[in-house]
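The values are calculated or read from the model by the stated rules, or taken from the named source; none is laboratory data. These numbers come from a predicted model, not from an experiment. Every residue, glycine among them, receives a Cβ derived from its backbone with ideal geometry; neighbour counts consider all protein chains shown.
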Amino acid sequence: MLRHARSWLIGLFLASLAGHTSASWTINMSPGATEVSRSVFNLHMTIFWISVIIGAMVFGVMFWSMIMHRRAKGAVAAKFHENLTVEILWTVIPLLILIGMAIPATKTLIEIYDTEDADLDILVTGYQWRWQYNYMGEGVSFMSNMATPREQITNQQAKGEHYLLEVDEPLVVPTGQKIRFLITSADVIHSWWVPALAVKKDAIPGFINESWTRIDEPGIYRGQCTELCGRDHAFMPIVVEARTPEDFATWLAERKATAAAEAELTSKEWTLEELMERGQRVYTSTCVACHQANGEGMPPVFPSLKGSELVLNDIAAHIDVVVNGVPGTAMAAYGPQLSETDIAAVITYERNAWGNDTGDIVAPIDILNFKNGQ
Amino acid sequence: MSAVIDHHTDHAHGPAKGLMRWVLTTNHKDIGSMYLWFSFAMFLLGGTLAMVIRAELFQPGLQLVDPNFFNQMTTMHGLIMVFGAVMPAFVGLANWMVPLMIGAPDMALPRMNNFSFWLLPAAFGLLVSTLFMEGGAPNFGWTFYAPLSTTYGPQSTTFFIFAIHLAGISSIMGAINIIATILNMRAPGMTLMKMPMFAWTWLITAFLLIAVMPVLAGVVTMMLMDIHFGTSFFSAAGGGDPVLFQHVFWFFGHPEVYIMILPAFGAVSMIIPAFSRKPLFGYTSMVYATGAIAFLSFAVWAHHMFTVGIPLTGQLFFMYATMLIAVPTGVKVFNWATTMFRGSLSFEAPMLFAVAFVILFTIGGFSGLMLAIAPADYQYHDTYFVVAHFHYVLVPGAIFGIFASAYYWLPKWTGHMYDEVLAKTHFWMSFIGMNLAFFPMHFVGLAGMPRRIPDYNMMFANFNMVSSIGAFMFGATQLLFLYIVIKTIRGGKPAPAKPWDGAEGLEWTVPSPAPYHTFSTPPEVK
Amino acid sequence: MHDEGLSTGKLVKRLLLLVVGMFAFGFLLVPIYDVMCQAFGINGKTAGSAWQGSAQSVDLQREVRVQFLASNAEGMRWRFGPQDEEILMHPGETRTVHFLAHNPTDRVMVAQAIPSVAPSRAAAYFHKTECFCFTQQVLQPGESVEMPVRFIVDPALPKDVRRLTLAYTLFDVTERMAPSLGLTAMHSN
């Protein structure tokens, strides 16, 4: 029977070796893309091999006894027990091994804690259930939402290669520069983890945590939230896109221009007419398929907006539905998909079209505040 | 040891008849049996929830349950297994065996013993009822970190807190009882350093329980106050701190880990010598090692929190202290291996479980040592690597320890030998199922799969499927154990007073099944 | 039975006392933790009241960059941010910076700002002599306010710290504070 166990263990070992060729049989940590991640990988492998050697010795003794000292083979038990020298030896030797292990671990830890002299500061804020990135001092800030379509999650569509690990807007960073992350949360505790960078830090509401990285090569590095943060904990991935400093500078300039344009629209004083006109365009391109051009929808699946309680009364609830969607229904969350201006326009349109003459104006800044305040 | 066999079956205080025997019993054997049955029922319930988890994780995509329900499953699985299955099983074993081992007629506080058991069905009835409440059961993980469990918790959190209080009071009373029994009711001549290892490890465990269960009660009380009375212990908005929750919780939580393993250490330290027919290699060092582990367990809690951002000096302190725990744990493992060396080994079911315990627990210990290295922990923390680690110490650790104990003492409890072929089948199916379920979790964890997620990328799909198959196998096998136990109770080869030729201890000097009252006259221990 | 030790009654009493003691210890961990936090800057926590230390000599040889960050917690709809994103200062020097807050809603709201300093080991060297975070802020609908923080960076700040980040998170505590501030008349949303 023991032979069974052994052949099975050997089988598992061979299977894992064979698995090396296929990515989906990955059995080990990746060395990652930074100096720190490589140090961590080396620590991981060192302690692993120490464990393997000690394990081989201990299990060796056990298996030797199990094979050679069986009563069935006529083994007669020796009576020895209690030996102080042996006890001291197997206390002191492991202690020395551990001290040997603690030295490199301490060195790496000190390095990880050295957040000084960063070239770029990025504020990472966790929300239920997405990340916000703020390039400090650059005026660039955006939300990063999971981009995997719902149909893939519910198995109605084939899953893509980066299923659950893709976002609408990745965190773009330069290679070769020290990037400091300041990490916090707006609601519950999250944890920001990118395995290739060996950065994992909890995002704690009310407190700010620090971490840093310096990425060698351009590339896309994916990670996930690693602290249980509620229902959609599995669905708030992280994508870091490392570009060369030149490409990064270009990207940042473009992103600033877009942000400025958006901000201008957001801060602009809008009249009802302007919003209605823009809102109608958005409605026609985005909402009309379900809610129909006359706003009457197709009840009960797609509710009517004309004379609707929600549309006529509570503005905040209305904004909430459009920005966050209605879980379990066809109503998607448009917050991540449309600009603040478009959302404000379409909501204003819905509140004033088809005889819903509330006269309410919802300005882009209201949407922005709503999103920020969420 | 003199053969003190006291026959008291015709004693005036035989068991009462009917249901009230169990409701009002103060007999340590009855209460022990109830604890064991209760814990097995909870083991099956917690296991069923695990089957739901593994079924959802069988493939990528959401197939069976909503993510929120998935979170309720992981939370309830953890809570039920820790507080409902493992801890009561050890209390049950202690109730049955500690008086028999130390030559006491019963536990020191028999009426309290009854009460501490009957609190448990109340506690877990309450906890399980939350599954049917509006808003669902607790969904914040068994570690219930604030503010997810306070400001953002479901309505049922209050019931969860009350259930934890009840279970905690039960554990504390059980621990007081065990300490009082061990310290005050030993037979003449049974000095502390002559006590069987199981009594020793339970004595230390009981002190751990008394030290940390009140802290758990404190932390859930603080939660209750935050939720209902407007305090802000854990809410940053009111000047509190969510990280404080983690410190207080893990101040309880780490010793709790040892509470779940030390009694198994004790049982295995008795079973291995029995089936090696050779004394335990280092009894004294085993006792000291257990004490050292218990002592160190109070100084390592923040290794569960390496990623929350404690200062460098704190991080280093907790890293070194955690690595240090490997030393006494290593001493125990080396002692077990040396006990087997040059023995005369036979492999009945208790020995199979005990040997698997040593090997697989050691593997769990190695991954624990890896987790202690703080920089590496940044990569392991909250991934499936951690899930693999603690299932390796708890399933082949605590649970195999309980199975080994159950088979070892079943003849004493029932008066019948269990079916060895079925028991070996149970072992091999459990062993294979458990390794299939949990070994691949190391791989997906290292490859980057976070824990507590209902859905994952395809790169983790293969090993998750293997895990699920192993888990189903392990789960189904436990029904076989139920069958074996029932079969043994109902009949089978009559067991002699000492069914294991290498076994030592007072429990083997009384007939099998152990009479309702034993050691009414204390035995003489040389 | 043993007569060397305590009687069972006495033993149980002592154990119960230990239980009560440990329960109390659980609560005692709260102030212990606070003291530890302030001494070692765990979590980047800073003092909750004005610093009472004496004036310090300004270390003109050394410059420290201080960054200011502001963010809103869940449900907080104020616009909130620092006037300056960062300043350069000498350790020992007293500086004042302002944060701006605006309540865009149509109701009276109460906010509490929670400060946090990174790197956390610098928190113990960051002394605030005046801060809006010491009290709660009440803003009328549409009202704006400029809120000062006056602070000193201790010259004993470890030499390798060249940059400090002071981050405030603004929490909506309207509901919690409404009764005590007599704001019960407002409509809660």
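Among the residues of region A:194-206, is any buried (at least 24 other Cβ atoms within 10 Å of the Cβ), within 7 Å of another protein chain (Cβ to nearest Cβ), small (Gly, Ala, Ser) and out of contact with any Cys (no Cβ under 9 Å at 6 or more places or on another chain)? Yes, that holds for at least one residue. The strands (runs of 3 or more DSSP E) found wholly in region C:77-165 and carrying at least 1 residues that are among the aromatic types (Phe, Trp, Tyr) occupy C:79-82, C:94-102, C:126-131, C:144-153.
For the criterion of being over 23 Å from the mean Cα position of the chain (by Cα) and either closer than 28 Å to B:Tyr407 by Cα or part of a helix (DSSP H, G or I) (or both), B:Gly343 passes.
Within the option set B:Ala237, B:Ala187, being over 30 Å from B:Ser405 (Cα atoms), at the interface with chain C (Cβ under 10 Å from one of its Cβ atoms) and over 24 Å from the mean Cα position of the chain (by Cα) holds for one residue only, B:Ala237.
Candidates in region C:47-58 are the residues that are at pLDDT below 75 and surrounded by 15 or more Cβ atoms within 10 Å (Cβ to Cβ); of these, the one that is nearest to the other protein chains (Cβ to nearest Cβ) is C:Ala47. Among the residues making up region B:410-432, those that are within 12 Å of chain A (Cβ to nearest Cβ) and crowded, with 21+ Cβ neighbours inside 10 Å are B:Phe427, B:Phe431. Among the residues of region A:40-78, those that are more than 7 Å from chain B (Cβ to nearest Cβ), over 30 Å from A:Pro195 (Cβ atoms) and either surrounded by 15 or more Cβ atoms within 10 Å (Cβ to Cβ) or not small (Gly, Ala, Ser) (or both) comprise A:Met57, A:Phe63, A:Trp64, A:Ile67, A:Met68, A:Lys73.
Any residue that is buried (at least 24 other Cβ atoms within 10 Å of the Cβ) and on the phi > 0 side of the Ramachandran plot - is there at least one of those in region A:165-177? No, region A:165-177 contains no residue that is buried (at least 24 other Cβ atoms within 10 Å of the Cβ) and on the phi > 0 side of the Ramachandran plot. The sole residue among B:Ala289, B:Ala354, B:Ala326 that is more than 27 Å from A:Ile189 (Cα to Cα), part of a helix (DSSP H, G or I), in contact (Cβ under 8 Å) with a residue 60 or more places away in the chain and within 21 Å of the chain's Cα centre (by Cα) is B:Ala354.
Tell me whether region B:187-197 contains one or more residues that are in contact (Cβ under 8 Å) with a residue 40 or more places away in the chain and touching a Leu at 6+ places or on another chain (Cβ under 6 Å). The answer is no; no qualifying residue exists.
Every listed requirement among (1) within 29 Å of B:Asp382 (Cβ to Cβ); (2) in a helix (DSSP H, G or I) is met by B:Tyr456 save one, (2). Would a scan of region B:492-502 turn up a residue that is under 25 Å from the mean Cα position of the chain (by Cα), buried (at least 21 other Cβ atoms within 10 Å of the Cβ) and either in a helix (DSSP H, G or I) or within 9 Å of another protein chain (Cβ to nearest Cβ) (or both)? No; the residues of region B:492-502 include none that is under 25 Å from the mean Cα position of the chain (by Cα), buried (at least 21 other Cβ atoms within 10 Å of the Cβ) and either in a helix (DSSP H, G or I) or within 9 Å of another protein chain (Cβ to nearest Cβ) (or both).
Could you list, in sequence order, all residues of region B:42-82 that are acidic (Asp, Glu) and surrounded by 19 or more Cβ atoms within 10 Å (Cβ to Cβ)? The one that is acidic (Asp, Glu) and surrounded by 19 or more Cβ atoms within 10 Å (Cβ to Cβ): B:Glu56.
Restricting A:Gly223, A:Gly230 to those that are out of contact with any Cys (no Cβ under 9 Å at 6 or more places or on another chain), of a type in the set (Gly, Ala, Ser), in a strand (DSSP E or B) and modelled with pLDDT of 90 or more reduces the list to A:Gly223.
Criterion applied to B:Pro88, B:Pro121, B:Pro138 was being not hydrophobic (A, V, I, L, M, F, W, C) and not in a helix (DSSP H, G or I), and the one residue passing it is B:Pro138.
Restricting C:Gln67, C:Gln38, C:Gln56 to those that are in a strand (DSSP E or B) and in contact (Cβ under 8 Å) with a residue 40 or more places away in the chain reduces the list to C:Gln67. The residues of region A:115-147 that are in contact with a Phe, Trp or Tyr (Cβ under 6 Å, 6 or more places away or on another chain), over 19 Å from C:Gly75 (Cα atoms) and within 14 Å of chain B (Cβ to nearest Cβ), listed by number, are A:Thr115, A:Met146. Filtering region B:141-178 to residues that are more than 14 Å from every other protein chain (Cβ to nearest Cβ), in a helix (DSSP H, G or I) and polar (S, T, N, Q) leaves only B:Thr158.
A single entry from B:Val215, B:Val243, B:Val219 fulfils the requirement of being under 30 Å from C:Ser116 (Cβ atoms) and over 25 Å from the mean Cα position of the chain (by Cα): B:Val243. For region A:159-173, the criterion of being among the hydroxyl-bearing types (Ser, Thr, Tyr), out of contact with any strand residue (DSSP E or B) (no Cβ under 9 Å at 6 or more places or on another chain) and within 10 Å of chain B (Cβ to nearest Cβ) is met by at least one residue. Could you identify the single residue in C:Met89, C:Met76, C:Met109 that is more than 9 Å from chain A (Cβ to nearest Cβ), under 29 Å from A:Ala317 (Cβ atoms) and aliphatic (A, V, I, L, M)? Of the residues listed, the single one that is more than 9 Å from chain A (Cβ to nearest Cβ), under 29 Å from A:Ala317 (Cβ atoms) and aliphatic (A, V, I, L, M) is C:Met109. Within region B:220-233, the set of residues being modelled with pLDDT of 90 or more, within 10 Å of another protein chain (Cβ to nearest Cβ) and within 12 Å of B:Pro147 (Cβ to Cβ) comprises just one member, B:Phe233. Put simply, of B:Asp377, B:Asp382, B:Asp455 the only residue that is within 12 Å of chain A (Cβ to nearest Cβ), out of contact with any helix residue (DSSP H, G or I) (no Cβ under 8 Å at 6 or more places or on another chain) and of a type in the set (D, E, K, R) is B:Asp382.
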